[in-house]
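Written below as structure tokens is the structure these notes are about.
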Amino acid sequence: MINEKMKKLGVSRSTIRELFEYGKKLKAERGENYVFDYSLGNPSVAPPDAVNLGIASLLENVRDVELHGYTSAEGDINTRRAIAKYISEAFSAPASYEYVYMTAGAAGALVSVLGALTNENETVIALAPYFPEYKVFVERNGARLKPVMCKANDFTPDVDALDAAIDESVAAVIVNSPNNPTGAVYSEDDIKNLASLLERKSKQYGKPIYIIADEPYRELVYDGKEVPFIPNYYNNTVVCYSYSKSLSIPGERIGYAFVSPRADDAKTVMRAICGAGRALGYVCAPSLLQKLVPSCIGKTSDIKLYEENRRMLYEALTSYGFDLVYPSGAFYLFLKSPTGDAKEFSETAKKYGLLLVPSDDFGCEGYVRIAYCQSPDMILRSLPYFEKLVGEYKKESKNN
């Protein structure tokens, strides 16, 4: 018999991917210049020079058998050492290669970490709005995802709501800052308050409640904002990181999981992550990309384009009368539906060639996500259509 759960996942892609595929068909019908695809968070700036130069150097100077062969299951030891050294120096945090596990992107890290930290019928809390695939990743082990809404005014953690939601079944809380889909960046006070709450709850239930820090957008921050390194505030933290966004290489699938050495029984947690990766069929993350990482650590694509896109879209959309929170990081705007119905608004936007992701799958109703990692030209061409879109709602409101 076919596994019905897996069949359902295969038949019904994520809303983001469905909209992306729909956009391809629409472009074939209307032409590229009349479709404005804001669905997928696909970086639109070039990787830093270190990426291509690093790959070229590896291809020229490293023997094929070393470059393309298996690494250790945990990952190439020199790469893991380089990552641990960077964590130690950049964040003044204790780190060792023994607690770094190389993965195929942050998704590979998340699935492995969730497999290590959760058991059947346990609960994982996600601060909502959240990345939709969290639900898929959590439920594959028989655990449950429990959304807890952030504050509506700025989408930062609501500690009182979290306090009420945490019971003895909770194994972990996923923290994603800078956030997908809102662009919110959690402050040091936010993290301190969250850490204090989880320390109290861990003591109350006699077990560690972990923070899983999902950080693929760590470097994509604006206006002088800083992203607190959570292991410095809460010992029982596992970081899931990806180079997809910082280096603009999402298709290469390279990242890592890092266990804080201060975590309760950190060695056992690391072994469990390795075991969870093994159960997924991991032998090692892509070898060539692992060996590229040391030459690119600490480097970031030029994000000035994203910053300018953010300003241009935010100023235009607010001037048209749309309601949205100014984001501090990532490359997303979270726009409130004029009717409170995200799906209806997303469908109406399609008439104008605007592909906006409804928020329902993000664990939050009434918004659409706009991925502004696009060419400035596309954004400029889309603005008159956004104005027409809001005009339609103003007209309906006047008629009613």
(request) Mind telling me which of the residues MET312, MET270 ends up being in contact with a strand residue (DSSP E or B) (Cβ under 6 Å, 6 or more places away or on another chain) and either of a type in the set (S, T, N, Q) or in a helix (DSSP H, G or I) (or both)? (result) MET270
(message) Can you find, within the stretch 188-233, the residue that is farthest from ALA106 (Cα to Cα) among those that are touching a Pro at 6+ places or on another chain (Cβ under 9 Å) and among the small types (Gly, Ala, Ser)?
(response) SER202
(message) I'd like the full set of residues that are within 22 Å of the chain's Cα centre (by Cα) and either of a type in the set (Lys, Arg) or more than 19 Å from ARG63 (Cβ to Cβ) (or both), limited to the stretch 276-292.
(response) ALA276, GLY277, LEU280, TYR282, ALA285
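Residues THR103, THR79: which one is over 21 Å from the mean Cα position of the chain (by Cα), assigned by TED's automatic domain parsing to the domain that holds ALA165, crowded, with 22+ Cβ neighbours inside 10 Å and not small (Gly, Ala, Ser)?
On the way: THR103 fails: over 21 Å from the mean Cα position of the chain (by Cα).
THR79 is the lone residue from the list that is over 21 Å from the mean Cα position of the chain (by Cα), assigned by TED's automatic domain parsing to the domain that holds ALA165, crowded, with 22+ Cβ neighbours inside 10 Å and not small (Gly, Ala, Ser).
Quick one: would you say GLU66 is over 30 Å from GLU308 (Cα atoms), in contact with a Cys (Cβ under 8 Å, 6 or more places away or on another chain) and charged (D, E, K, R)?
Details: over 30 Å from GLU308 (Cα atoms): yes; in contact with a Cys (Cβ under 8 Å, 6 or more places away or on another chain): no; charged (D, E, K, R): yes.
Here the answer is no, as GLU66 does not meet what is asked.
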(message) Among the listed residues PRO147, PRO157, PRO178, identify the single one that is without any contact (Cβ under 8 Å) to a residue 40 or more places away in the chain, touching a Leu at 6+ places or on another chain (Cβ under 9 Å), at negative phi and of a type outside the set (A, V, I, L, M, F, W, C).
(response) PRO157
(message) Please go through the stretch 7-40 and give me each residue that is surrounded by 11 or more Cβ atoms within 10 Å (Cβ to Cβ) and among the aliphatic types (A, V, I, L, M), ordered by number.
(response) LEU9, ILE16, LEU19, LEU26, VAL35, LEU40
(message) Here are the criteria: (1) under 18 Å from PRO228 (Cα atoms); (2) touching a residue at least 12 places away in the same chain (Cβ under 8 Å); (3) not in a loop (DSSP other than H, G, I, E, B). Tell me which single one LEU114 does not satisfy.
(response) (1)
(request) Report yes if ARG369 is of a type in the set (D, E, K, R), crowded, with 22+ Cβ neighbours inside 10 Å and assigned to a strand (DSSP E or B), otherwise no. (result) yes
(message) Anything in the stretch 135-175 that is under 26 Å from ASP323 (Cβ atoms) and either small (Gly, Ala, Ser) or in a helix (DSSP H, G or I) (or both)? List them, or say none.
(response) ALA152, VAL159, ASP160, ALA161, LEU162
(message) touching a strand residue (DSSP E or B) at 6+ places or on another chain (Cβ under 9 Å), hydroxyl-bearing (Ser, Thr, Tyr) and crowded, with 18+ Cβ neighbours inside 10 Å: which single residue out of TYR205, TYR210 fits that description?
(response) TYR210
(request) Report yes if some residue within the stretch 41-48 is part of a helix (DSSP H, G or I), out of contact with any Phe, Trp or Tyr (no Cβ under 6 Å at 6 or more places or on another chain) and loosely packed, with under 15 Cβ neighbours inside 10 Å; otherwise report no. (result) no
(message) Just the residues that are polar (S, T, N, Q) and over 23 Å from ARG218 (Cβ atoms), please, taken from the stretch 311-352.
(response) THR318, SER319, SER337, THR339, SER346, THR348
(request) Give me a count of the residues in the stretch 179-201 that are in contact with a strand residue (DSSP E or B) (Cβ under 9 Å, 6 or more places away or on another chain) and among the hydroxyl-bearing types (Ser, Thr, Tyr). (result) 2
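Filter the stretch 315-332 down to the residues that are of a type outside the set (Phe, Trp, Tyr) and in a loop (DSSP other than H, G, I, E, B), then identify the one that is farthest from the chain's Cα centre (by Cα). Reasoning before the result, please.
Initially, the stretch 315-332 is screened for residues of a type outside the set (Phe, Trp, Tyr), giving 315-319, 321, 323-325, 327-330.
Those left that are additionally in a loop (DSSP other than H, G, I, E, B): 321, 325, 327-328, 330.
On the way: GLY321: 29, VAL325: 18, PRO327: 15, SER328: 15, ALA330: 9 Å.
Checking each candidate, the answer is GLY321.
Within 18 Å of ALA109 (Cα to Cα), among the small types (Gly, Ala, Ser) and touching a Leu at 6+ places or on another chain (Cβ under 9 Å): does that describe ALA171?
Yes, satisfied.
The values are calculated or read from the model by the stated rules, or taken from the named source; none is laboratory data. Keep in mind that what you see is a predicted model, and the values were worked out from it rather than measured. Virtual Cβ from ideal backbone geometry, glycine too; neighbours counted across all protein chains shown.
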